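Okay, structure first, notes after.
Laboratory data are not the source of any read-out in this text; all were calculated from the coordinates shown. Just so it is clear, the model here is predicted, and its values are computed rather than measured. Neighbour counts are summed over all protein chains in view; Cβ atoms, including those assigned to glycine, are modelled from backbone coordinates with ideal geometry.
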Amino acid sequence: MENIILIAIIIVCIFYILVSVIKRKPERILAFAMRAIIGTAGIYLLDFVLRTKDVNINVGINGASVLINGLLGLPGFILLYGLAFYYSLK
């Protein structure tokens, strides 16, 4: 029962924060969405190109990669591929 109450409080807080941000700065949400969409498309295309060249560096698309691209933009994209390259060497 305590977990349900805690989850409900967290959901209400997140909803309140989202409504506040949407009212004050809707352009920030649009910018986040555009960076996330373009970054995800870039990951998809670069993974495809690297796979055709038989390079074993794959980032993949998941919630974390979309969030990093949305928040950071191009530096996030480079960060993801830098980490993928680093871990492919091990």
### Taking Arg24, Arg51, Arg35 and counting other C-beta atoms within 10 Å, the order from fewest to most
Arg24, Arg51, Arg35
### Query
When the chain is fully extended, how far beyond the present Cα-Cα distance does Lys90 get from Ile10, taking 0.36 nm per residue of separation?
24.9 nm
### Query
Taking θ as phi - 60°, what are the ³J(HN,Hα) couplings along the stretch 79-90 by the Karplus curve (6.51, -1.76, 1.60), each to the nearest whole Hz, with x for Gly and Pro?
4, 4, 6, x, 5, 5, 5, 4, 6, 6, 6, 7
### Query
What does the charge dipole of the chain about its Cα centre add up to, to the nearest 20 debye, if the Cβ of each Lys and Arg holds +1 and the Cβ of each Asp and Glu holds -1?
260
#### Entry: Binned Cα-Cα distance frequencies in the chain - 10 Å width, integer %
16, 33, 25, 19, 7, 0
### Summary
Note, Leu45: beta-carbon cut-off 14 Å, +1 each Lys/Arg, -1 each Asp/Glu, net +1
## Note on the structure
Residue separation between Arg28 and Leu83 times 0.36 nm, minus their alpha-carbon distance, gives in nm 17.1 nm
## Note on the structure
Between Glu2 and Asn62, the FRET efficiency computed from the C-beta separation at R0 = 35 Å comes out, to the nearest 0.05, as 0.70
